[in-house]
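Structure first, then comments.
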Amino acid sequence: MSDRQTKHKTADQEPVISVRGLVNRFGDNVVHDNLNLDVLPGEILGIVGGSGSGKSVLLRSIVGLKRPDEGRVEVFGQALDSLDSQQRSQMERRFGVLFQRGALFSSLNLQENIALPLIEHARLSRSDAEYLARVKLSLVGLPASAALQSPESLSGGMVKRAALARALALDPDVLFLDEPTAGLDPISAAAFDELLVTLRDALRFSVFLVTHDLDTLYSSCDRVAVISQKRVLAAGTLDEIAATQDDWVQAYFHGPRGRAAQQAASTHHLQE
Amino acid sequence: MSTQWVDYQEGELAIEGEWTLAHYSQLKAAIASLPAQAGQVHEVNLENLRAIDTAGAALLVELLGAERVGDVHAWAPSLSAERQALLARVAQAMSMSLAPKPVSESWWHAMLAMLGQQVEALWHQQLQLMGFTGLVVATFARILWHPRRWRITAIVAHIQQSGFNAVPIVALLTFMVGAVVAFLGATVLRNFGATIYTIDLVAFSFLREFGVLLAAILLAGRTASAFTAQLGSMKANEEIDALRTQGLDPIELLVLPRVMAMLITLPLLTFVGMLSGLAGGAMVASLSLDIALSQFIGTLERDIAVTHFLLGLSKAPVFAFVIALIGCLEGFKVKGSAQSVGEHTTSSVVQSIFMVILLDALAALFFMEMGW
Ligand SMILES: Nc1ncnc2c1ncn2[C@@H]1O[C@H](COP(=O)(O)OP(=O)(O)O)[C@@H](O)[C@H]1O
Ligand SMILES: [Mg+2]
């Protein structure tokens, strides 16, 4: 893991996403207050924080689904709301988003769900798009028989995988994943981590990864940002974060689960 | 053979340029133009491959076969480790069967099957409706002796939503229809010099038919759809299952309050509809037929027996029961998707309007035979 971190030591590169002074409110409920965050090219950035700390809202602000109450969000050096609709659509093509609850289109079967962006944006013929969609479904570990199933007939874990396949459909430049391994069995979750790293290494996209899965953090993230007290409390490599003097961070990384995941990661690393 | 993407010489195939989604169709064309044995060529050269993504990798696997691409590290060691990993991963994914089971039938076979399915579905629907009616009545009988379980709050809330809030629209609509009926009557009856009978026409039609029918059709559109959408989204969200596993009865909690509210609401709305229909008729009578309001009311009192009012009103609870039952039942039939909520909401409105008109026609026949 440490050699990958050095390989992606990219601190001097322009960030792909930069969030400055972000404020988000719902009525009186202030979710973010002066939040700053950078996502660097080619990195997998893990976002952790307690339930309800505003991770999903942050994701939604970055991809432009929620207009920030104050502050600036820049993606590839441009603010989304400064673009006209054509440019904005071009920009959104470069995003792949996996929503927390999958958000598969319920009126389409799985292969149509994934073929839709291929047909609309990449202008493939329907048969090419559906063929590629089946390749992607197989890539995320779904059997061929699932291609014609409708989303409502899937288990939670299958929905997550199909949603990942859809997020990957256009080979995006930035991938946003909201708790992708929640609801997956540990074996599938490990396969998911491995797939993510393989694809990132080959395609060099950046990943904004909201997760509670400590194994995912240890096995695939280059950096981690902790969201707490309405802002990014700390951002850095896992070792740096784990050394942060904060009760929540300490409890998170040095609680029983944190220690187990850390051990698993280090023994795994030694074996390599 | 040489293009921007592939360069094929005897015994050697060079893959070049950007094999990415953006060039998918050109790549496919380039591959199609290669001779058939190109994929089995001895030597494959990936040195000038500038970019590759999953789409390009899939095409390469198609060209060379999953097994060969899976061993990419053996024959193209100079390719970067990341690309080797990507190719190996895509090859592994594509080595499994990708084609879903084909479903092909002849068209007449499919058409017959569809006809059969629809007839069977119709039959099932009627059976379900009868079964559901029984279930609701049985549940009602069970809680009748336990006033604590009557859910007064829920009933009142539904009365407000489906009844009270519908008063303006019911009143306006029946008022306008009342005026139209009076105009029609006046036009036809003037030829016989009997415009005074316009009063009887408006009164008969609104007391016996239109008051209850219009109110029921409005509620079928307004409330049956609301019931279906409410229960349907709950069903899609597994809320109904959650109730069941807590030992709570969804019929008692969700259906009965709605049915009771409708049973109270529709007769009241029917009364509102009758009154404002008569008001519409009276307005036209006084403005364009020179029948004064006092004369209108006097004639009503003298000529129109109260049975007509009671006959009209007696249909209201029946319609209310049917509308509420269909609305709730369709909600329970929803299967986990937004699409399904939409389909069943449509179906509930169509069915309840159909049933209201059918029952009304049967009632008219029955009342006529009885000489009421
Ligand atoms: N659409 C919304 N309307 C009002 N409050 C919201 C909305 N979305 C999120 N919130 C609030 O924002 C906070 C953060 O939510 P969220 O980002 O979903 O948390 P998490 O970090 O678990 O993903 C919560 O307090 C939630 O109640
Ligand atoms: Mg969330």
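The values are calculated or read from the model by the stated rules, or taken from the named source; none is laboratory data. Just so we're clear, the structure is a prediction, and the values are computed from it rather than from any experiment. Every residue, glycine among them, receives a Cβ derived from its backbone with ideal geometry; neighbour counts consider all protein chains shown. Note: accessible area is taken over every heavy atom of the protein model, side chains too, but ligands, DNA and RNA are not part of it. Shrake-Rupley method; radii C 1.70, N 1.55, O 1.52, S 1.80 Å.
Listing for the model above:
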read-out: Breaking point among (1) over 19 Å from B:Glu62 (Cα atoms); (2) more than 8 Å from every other protein chain (Cβ to nearest Cβ); (3) under 21 Å from the mean Cα position of the chain (by Cα); (4) open to solvent by less than 60 Å² (accessible area, probe 1.4 Å), for A:Leu108; value: (3)
read-out: Positions within region A:118-140 being within 8 Å of another protein chain (Cβ to nearest Cβ) and closer than 27 Å to A:Glu194 by Cβ, in sequence order; value: A:Leu118, A:Ala122, A:Tyr131, A:Leu132, A:Arg134, A:Val135, A:Lys136, A:Ser138, A:Leu139
read-out: Test: residue in region B:267-276 that is of a type outside the set (Asp, Glu), farther than 30 Å from B:Thr187 by Cα, touching a helix residue (DSSP H, G or I) at 6+ places or on another chain (Cβ under 6 Å) and crowded, with 18+ Cβ neighbours inside 10 Å; value: yes
read-out: Answer residue from region A:193-220, given it is aromatic (Phe, Trp, Tyr) and closer than 25 Å to B:Ala51 by Cβ and is farthest from the other protein chains (Cβ to nearest Cβ) among those; value: A:Phe208
read-out: Set A:Leu40, A:Leu83, A:Leu22: member being away from ligand 1 (no atom under 16 Å from the Cβ), in contact with a strand residue (DSSP E or B) (Cβ under 8 Å, 6 or more places away or on another chain) and either charged (D, E, K, R) or farther than 17 Å from A:Gln100 by Cβ (or both); value: A:Leu40
read-out: Top-ranked residue of region A:168-197 - restricted to ones that are within 16 Å of ligand 2 (Cβ to nearest atom), closer than 30 Å to A:Arg123 by Cβ and not charged (D, E, K, R), ranked as modelled with the lowest pLDDT; value: A:Pro180
read-out: Test set (1) under 21 Å from the mean Cα position of the chain (by Cα); (2) surrounded by fewer than 23 Cβ atoms within 10 Å (Cβ to Cβ); (3) more than 16 Å from ligand 2 (Cβ to nearest atom) - A:Arg123 fails condition number; value: (1)
read-out: Region B:32-41, subset assigned to a helix (DSSP H, G or I) and over 16 Å from B:Glu12 (Cβ atoms), residue least open to solvent (accessible area, probe 1.4 Å); value: B:Ala32
read-out: Residue in region B:173-184 that is under 18 Å from B:Ala316 (Cβ atoms), modelled with pLDDT under 95, open to solvent by 90 Å² or more (accessible area, probe 1.4 Å) and not small (Gly, Ala, Ser) present; value: no
read-out: Residue within region A:52-65 that is surrounded by fewer than 17 Cβ atoms within 10 Å (Cβ to Cβ) and either closer than 25 Å to A:Val31 by Cβ or within 16 Å of ligand 2 (Cβ to nearest atom) (or both) present; value: yes
read-out: Those residues of region B:66-83 which are surrounded by fewer than 19 Cβ atoms within 10 Å (Cβ to Cβ) and facing chain A (nearest Cβ under 10 Å), in sequence order; value: B:Ser80, B:Ala81, B:Glu82
read-out: Pair list, Cβ under 9 Å, 6 or more apart: region A:172-186 residue open to solvent by 50 Å² or more (accessible area, probe 1.4 Å), other residue within 14 Å of ligand 2 (Cβ to nearest atom) and not in a strand (DSSP E or B); value: A:Gly183/A:Lys160
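For (1) buried (at least 20 other Cβ atoms within 10 Å of the Cβ); (2) in contact with a Ser or Thr (Cβ under 9 Å, 6 or more places away or on another chain), each residue gets a yes or a no:
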{"residue": "B:Arg222", "(1), (2)": "no, yes"}
{"residue": "B:Phe227", "(1), (2)": "yes, yes"}
{"residue": "B:Ser233", "(1), (2)": "no, no"}
{"residue": "B:Asp241", "(1), (2)": "no, no"}
{"residue": "B:Arg244", "(1), (2)": "no, no"}
{"residue": "B:Leu248", "(1), (2)": "no, no"}
{"residue": "B:Leu253", "(1), (2)": "no, no"}
{"residue": "B:Ala261", "(1), (2)": "yes, yes"}
